Amino acid sequence: MGIGGITYKTINGKRYAYYQWTENGKQRSRRVKDDELAELAAKIAVEKAKKASAKMMVAEASIPYSAASQ
């Protein structure tokens, strides 16, 4: 699964959480049980932080050393 995110749908007045992600160019979705929600949200947050950190490292690596040290 990709990183994805959590969305909510209201069905017959009850709110349900869904995990959505893109896989092989297709959007996928699965319902998340209430007892799984906190753990899944934490995993998503960690993965997004890792991805952001990796992007920052790549951006910093592309800055010439002399410009970065000023």
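The values are calculated or read from the model by the stated rules, or taken from the named source; none is laboratory data. Everything numeric in this text was worked out from a predicted model, so none of it was measured. Glycine gets a Cβ as well: all are built from the backbone with ideal geometry, and neighbour counts include every protein chain shown. In case anyone asks, the SASA skips ligands and DNA or RNA and just uses the protein heavy atoms, side chains included. Shrake-Rupley method; radii C 1.70, N 1.55, O 1.52, S 1.80 Å.
So what are the chain's ellipsoid semi-axes, whole angstrom, largest first, if each one is the square root of 5 times an eigenvalue of the alpha-carbon gyration tensor?
In descending order the semi-axes read 36, 13, 9 Å.
How far, in degrees from 0 to 90, does helix 34-61 lean away from the longest principal axis of the Cα atoms of the chain, to the nearest 10?
It works out to around 20 degrees.
Looking at the chain as a GNM with Cα springs under 10 Å, which of 46, 58, 32 has the largest mean-square fluctuation?
Of the options given, 58 has the highest mean-square fluctuation.
Quick one: net charge of residue 18's neighbours, Cβ under 9 Å, K/R +1, D/E -1?
Neighbour charge sum, excluding residue 18 itself: +3.
Please compute the length gained on full extension between residue 53 and residue 33, using 0.36 nm multiplied by the number of residues separating them and subtracting their Cα-Cα distance.
Contour length minus the Cα-Cα distance gives 4.2 nm.
Using a 1.4 Å probe on the protein chains only, how many percent of the accessible area of the chain belongs to carbon and sulfur?
The nonpolar share, carbon plus sulfur, comes to 54 percent.
Given a cut-off of 25 Å, name the pairs among 9/50; 26/50; 14/50; 9/48 whose C-alpha atoms lie farther apart than that in the structure shown.
9/50; 14/50
Take every Cα pair under 8 Å in the chain that's 6+ residues apart, average their separations, divide by the length, and report that relative contact order as a whole percent.
It comes to 23 percent, rounded to a whole number.
Using amide H atoms built in the peptide plane, which far-off residues or other-chain residues are under 5 Å from residue 4 H to H?
For residue 4, whose amide H was placed from the backbone, the distant partners under 5 Å are 22.
Accessible area per residue for the chain in Å², computed with a 1.4 Å probe and the full protein assembly in place, what is it?
82 Å²
Nearest 0.05, what FRET efficiency do residue 41 and residue 12 give at R0 = 22 Å with Cβ-Cβ as r?
0.35
Work out the charge dipole of the chain with +1 on the Cβ of Lys and Arg and -1 on the Cβ of Asp and Glu about the Cα centre, then indicate which of 61, 40, 10 is farthest towards its positive end.
10
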